[in-house]
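Remarks on the structure that follows.
Read-outs: derived from the displayed coordinates by stated rules, not from any lab. Just so it is clear, the structure is predicted and the values come from calculations on it, not from any experiment. Here the Cβ is made from the backbone with ideal geometry for all residues, glycine too, and neighbour counts use every protein chain on show.
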Amino acid sequence: MGYLKCAVKKYPYCSSDHVKMNGHHRGIQKYYCLSCKHRFSSKRRPKHLQQIIFQDYFYHRQTAKELALKYKRSERWIRDQIHSYTPIKKKREPREVVLVLDATFFGKREDKFDLLIAKEIHTKEAVSYHFIESETNNEYITLRADIKQQGYEIKGIVIDGRRGLFRLFKDVPVQMCQFHQQAIITRYLTKNPKLEASIKLKRISSFLTRGTHIEDYALPIVA
């Protein structure tokens, strides 16, 4: 049944080591002593509970409403726990990095919040990130300053087509992400182009995200 080392020694009821888990209440682990039939719970850890709520919201995509029902608290209390929790950043050795910079959002309506993140291409590690109210070039400047403060040397970046970002990072090699390249092409050619030249150009653009050489799929040239 998966007995645990007795935690009842902290209680005056008994000193048995026959204890089993007995469900949760408001995110707190409950226990049941098989010897004295006494039910008890682990001590409340506010910081630990904040971390669990943050992970449920951030990684498991649960809404504030769902978490309020789960922990039997108000939605406002849940949001306060989420916004007051600061994730612990892992210490990494500064090095040369090639980064992907992008902003993304989580949640819906009043639960929505934006996150600006710099992720290393090869290791997939988040080098730096911070929560933002809106995606602006100033937020990218702040993110870059944090990366520099940590001692990283940016050797290249991949960004979307946001206006001003290429000028902001003009001192390092910059590439627009292939998804946004295709989106721009589709904007001008449409999803179902009619002209022969547009059809061929759209077909060529489809090779941007493929691991093949475009020469392997050469199109016949019509005189």
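What FRET efficiency, computed as 1/(1 + (r/R0)^6) with R0 = 35 Å and r the Cβ-Cβ distance, is obtained for residue 24 and residue 92, rounded to the nearest 0.05?
Details: r = 34 Å, r/R0 = 0.98.
Once rounded, the FRET efficiency stands at 0.55.
Compute the distance in nm between two label points, each set 7 Å from the Cα along the Cα-to-Cβ direction, one at residue 122 and one at residue 194.
About 5.0 nm separates the two model spin labels.
For each of 66, 125, count neighbouring Cβ atoms within 10 Å of the residue's Cβ, then give the residues from fewest to most. Please report the intermediate quantities before stating the final value.
Numbers: 66 16, 125 12.
In order of increasing Cβ crowding within 10 Å: 125, 66.
Would you mind checking 124/170; 30/72; 30/65; 30/70; 20/70; 20/72 for any pair whose Cα atoms are more than 19 angstrom apart? Don't skip to the answer; put the middle values down first.
Numbers: 124/170 24 Å; 30/72 16 Å; 30/65 24 Å; 30/70 15 Å; 20/70 22 Å; 20/72 24 Å.
Pairs exceeding 19 Å: 124/170; 30/65; 20/70; 20/72.
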